[in-house]
Amino acid sequence: MISIFKKFMKKVFKDLFKKKKNIKIGIYGPPNGGKTTLANRICLDWLGEEMGSVSNIEHETREIQIKEKINIKKDDNELSFSLVDTPGIATRVDYEDFMKKGLPEEEAKQRAKEATKGVIDAIKWLDNMDVVIVVLDATKDPYSQVNITIIGNIAARDIPVLIVGNKIDLRRANTKKIKSAFPQYDVIGISAKKGTNMEEFYEALFVVAG
């Protein structure tokens, strides 16, 4: 009886979600995983314009960026949403790390300050998300403290999640490790930079958001 009730309530909430307007899809993940590259790819595919700038230096995105009214069409299905690109989540931000990348001390300290605020804002914005895309660098070990922190914060809010293993064009990429680390979620391997597997990504997004 309880099982039937749970299925009924799940269907009710699913139907409400389908009818909801102004759906927000947030892109989350650690710095330099390719979040903004993926956001740019989505925006180029469906709006013909990019969303933001990317950099090899961590925390290039330090403020929330939003693109409204993105419409993805697949067969007879259509998904309309606002895309929210968030600053990279980190458990530690040190200005000296930016100095090692060549930034002068004053600029490094300012960047660290902005990056710290960006992390706090990104976590706060989770409360506004209807779906979250977690972008992980598939060449790195997924069993990191920051990844566990991100997934934990999302799980605590019971938000639908699609995990993306990005940079599969690189030799060291291994999406199987990501699937092993987070078996409770759907994982799709892509290269946001080269556009590899984007069709599969959009299909998976329809499933998670639907």
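Given ILE178, ILE163, which one is closer than 27 Å to ILE23 by Cβ, of a type in the set (A, V, I, L, M, F, W, C) and in contact with a Phe, Trp or Tyr (Cβ under 7 Å, 6 or more places away or on another chain)?
Values: ILE178 fails: in contact with a Phe, Trp or Tyr (Cβ under 7 Å, 6 or more places away or on another chain).
Going through ILE178, ILE163 in turn, the sole match is ILE163.
What about LEU47, is it at pLDDT 90 or above, surrounded by fewer than 16 Cβ atoms within 10 Å (Cβ to Cβ) and either on the phi < 0 side of the Ramachandran plot or touching an Asp or Glu at 6+ places or on another chain (Cβ under 6 Å) (or both)?
Numbers: at pLDDT 90 or above: yes; surrounded by fewer than 16 Cβ atoms within 10 Å (Cβ to Cβ): yes; either on the phi < 0 side of the Ramachandran plot or touching an Asp or Glu at 6+ places or on another chain (Cβ under 6 Å) (or both): yes.
Yes: the conditions hold for LEU47.
Go through segment 106-136 and count every residue that is of a type in the set (S, T, N, Q) and either under 17 Å from SER82 (Cα atoms) or in contact (Cβ under 8 Å) with a residue 24 or more places away in the chain (or both).
Counting residues in segment 106-136 that are of a type in the set (S, T, N, Q) and either under 17 Å from SER82 (Cα atoms) or in contact (Cβ under 8 Å) with a residue 24 or more places away in the chain (or both) gives 1.
Search segment 83-135 for residues being under 18 Å from the mean Cα position of the chain (by Cα) and in a loop (DSSP other than H, G, I, E, B), and hand back the single one that is modelled with the lowest pLDDT.
The selected residue is THR91.
Going through segment 27-42 one residue at a time, which ones are in a helix (DSSP H, G or I) and either over 11 Å from the mean Cα position of the chain (by Cα) or among the polar types (S, T, N, Q) (or both)?
THR36, THR37, ASN40, ARG41, ILE42
Hey, can you tell me all the residues within segment 163-210 that are buried (at least 16 other Cβ atoms within 10 Å of the Cβ) and among the polar types (S, T, N, Q)?
ASN166, ASN174, THR175, SER191, THR196, ASN197
Considering only residues that are modelled with pLDDT of 95 or more and outside any loop (DSSP other than H, G, I, E, B), which ones fall in segment 177-198?
Those that are modelled with pLDDT of 95 or more and outside any loop (DSSP other than H, G, I, E, B): LYS177, ILE178, LYS179, SER180, ALA181, VAL187, ILE188, GLY189, SER191, THR196, MET198.
Against the definition (out of contact with any Pro (no Cβ under 9 Å at 6 or more places or on another chain), in a loop (DSSP other than H, G, I, E, B) and at pLDDT below 90), how does LEU170 come out, yes or no?
no
The values are calculated or read from the model by the stated rules, or taken from the named source; none is laboratory data. What you see is a predicted model, and the numbers here were worked out from it, not measured in a lab. Counting neighbours? That spans all protein chains shown, and the Cβs are built from the backbone with ideal geometry, glycine included.
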